[in-house]
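Single-structure report; data block below.
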Amino acid sequence: MTDISRVLDTADKGLEQSLDRLFDLVRIPSISTDPAYKADCRRTAERIVADLARLGFSAALRDTPGHPMVVAHFEPKAAHGKVPHFLFYGHYDVQPPDPLDKWTTPPFEPQKRTGKDGVVCLYGRGTADDKGQLMTFVEAMRAWIETTGTLPIKATILIEGEEESGSPSLVPFLEANKAELTCDAAFVCDTSMWDAKTPAITTRLRGMVKDEITITGPRIDLHSGAYGGPAANPIRILSKLLSKLHDKNGKVTIPGFYEGVGEVPKEIKQQWQKLKFSDRKFLKEVGLSVPAGEKGKGVLEQIWARPTAEVNGIWGGYTGAGTKTVIPSQAHAKLTFRLVGKQRPEKILKAFRAFAKAEVPKDCRIEFASYGSGSPASEIAETSPLIRKSAKALKDEFGRDTALIGSGGSIPIVRYFKDVLGMDSVLIGFGLNDDALHSPNEKYNLSSFHKGIRSWVRVLGEVAR
């Protein structure tokens, strides 16, 4: 029996104990956004440190101005020559469970339940995001160590406790510990599969920058009968401004917006076409039927490889019951810009603000709220040897080609690893679209947890070659 086969056998036999350890973590309400749970966040970190120490890691709880980090290192025994060194990242903090009345069972009392479709799921806050995910690689390492006495690679584990609250301590921590944390590459387990039977590696993430605008006209709200007509109406000005953001073909009209945006290579488009994604079904699931966005671009290309300018909120004037005949003093809007390629957040923000200022009359004023500098897009080449090896390992486990996919969202840690530590990241996760992340009745399929552990066993073996 090969090492891989023996390690997989150990993982299978220890599955119930692996579930027990996961449920022990889920029972701790490590809600990072609420100061009332500060002690629980620390308790979760301490439990992970103790578990990794028992496995033979040099593990420590590292304090930050916020919640503590978990940092652990494993030096393989009897290593010959250069052994690859990888960092594994996850987060132990979770979202608040509200609204509690929507949960079938209490959020911090994890349960294993079989649905009417026969699928076994693990329910509880954090089962998928991200305790269940991070425990897949921890349990895979446990299986390797219990079977062979060591790991086939040199491993560093970094588990943070503020991901769900914006990771305010993360960048300073990376900068202060750069030498200790820099590895050949990072593995991030906080993403999803393509579907329940098809593994996936996320190779591209969009960046993002946010802005908020306030347009002020008259110094006070005005009677619309007495001033309607000659007085500038901030809502009309704002509406006109926002309506000019896109042309009739769905393209963003901000000057210079598409600088740094490249076309998707033909071979990548062909790969996406093989996924047999249905644009119609995608829209139907949310009650829509007519595609919007850039004409000539399919849904996957729009979400994974094209930038956007979206209005997330707009308000002003009277919004209570009935009517009130006023011309408001102010109107407001919140916007986000998803970025791709080599777009720079600071340039996009500067260009948008110049565009917006040009639409405001001289006797009115526009102000902008600051939401930080944003983050650029991240991408790792599908041809990377690390991607190829990881994809092979996943195919060996699932019996299907690994989907190399993009994500419309942003995972800032990937960019931080690149900018601060100079490392590329490989994003492998086992979540599913119906896991109800951040929502009541969050779940993680038992198959995701089990095959996730087995997959990491194979990935560790493959990348060690």
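All of the numbers you see were taken from the coordinates with simple rules; none came from a lab. Quantities reported herein were computed from a predicted structural model and do not represent experimental measurements. For neighbour counting, all protein chains shown are included, and Cβ atoms are generated from backbone atoms with ideal geometry for every residue, glycine included.
So here's what we get for this one:
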{"read-out": "Extension gain, Thr2 back to Lys357 (0.36 nm per residue minus Cα-Cα distance, nm)", "value": "121.1 nm"}
{"read-out": "The range 131-249: C-alpha gyration tensor shape, a/c 1.5 cut-off, then a/b vs b/c", "value": "prolate"}
{"read-out": "Stretch gain in nm, segment Tyr227-Lys210, where the contour uses 0.36 nm per residue and the Cα spacing is subtracted", "value": "2.7 nm"}
{"read-out": "Fewest-first ranking of Ser370, Ser448, using other Cβ atoms within 10 Å as the exposure measure", "value": "Ser370, Ser448"}
{"read-out": "Order of Tyr37, Tyr227 - criterion: other Cβ atoms within 10 Å of each residue's Cβ, fewest first", "value": "Tyr227, Tyr37"}
{"read-out": "Projected area averaged over orientations for the range 338-456, convex hull of C-alpha atoms, nm²", "value": "11.1"}
{"read-out": "Hits among aspartates and glutamates - C-alpha to C-alpha of Lys248 under 17 Å, sequence gap 8 or more where chains match", "value": "Glu294, Glu310"}
{"read-out": "Whole-angstrom gap from the range 318-379 to the range 118-132, using each part's C-alpha centre", "value": "38"}
{"read-out": "Nearby aspartates and glutamates by direct alpha-carbon distance to Lys281 (threshold 14 angstrom, same-chain neighbours under 8 apart not counted)", "value": "none"}
{"read-out": "Cα convex hull volume per residue for the range 181-310 (Å³)", "value": "237"}
{"read-out": "Three-way shape label, the range 85-191, alpha-carbon gyration tensor, a/c 1.5", "value": "oblate"}
{"read-out": "For peptides 253-263, 195-205, sequence by mean Cβ density within 10 Å, most packed first", "value": "195-205, 253-263"}
{"read-out": "Shape call, the range 390-465: gyration tensor on alpha carbons, a/c limit 1.5", "value": "oblate"}
{"read-out": "Amide N of the range 30-46 lying under 18 Å from the label point, which is placed 7 angstrom from the Cα of Leu100 along Cα→Cβ", "value": "30-41"}
{"read-out": "Surrounding net charge for Arg458, when Lys and Arg each add one and Asp and Glu each subtract one, Cβ distance under 12 Å", "value": "+2"}
{"read-out": "Share, in percent, of DSSP beta bridges within the chain that are antiparallel, nearest 5", "value": "70"}
{"read-out": "Among [x] 45, 28, 22; [y] 35, 25, 20; [z] 44, 25, 22, the entry derived from the coordinates for semi-axes √(5λ) of the Cα gyration tensor in Å", "value": "[z]"}
{"read-out": "Scaled radius of gyration (Cα, divided by 2.2 N^0.38 Å) that the range 48-127 gives", "value": "1.59"}
{"read-out": "Proximal charge balance of Gly341 [Cβ under 14 Å; K/R count +1, D/E count -1]", "value": "+4"}
{"read-out": "The range 118-167 - Rg (one decimal) and Dmax (whole number), Cα, Å", "value": "14.2, 39"}
{"read-out": "Residue exposure sequence - Val290, Val457, Val120 - by fewest surrounding Cβ within 10 Å", "value": "Val290, Val120, Val457"}
{"read-out": "Rel. contact order, % - alpha carbon contacts under 8 angstrom, at least six apart, the range 275-420", "value": "21"}
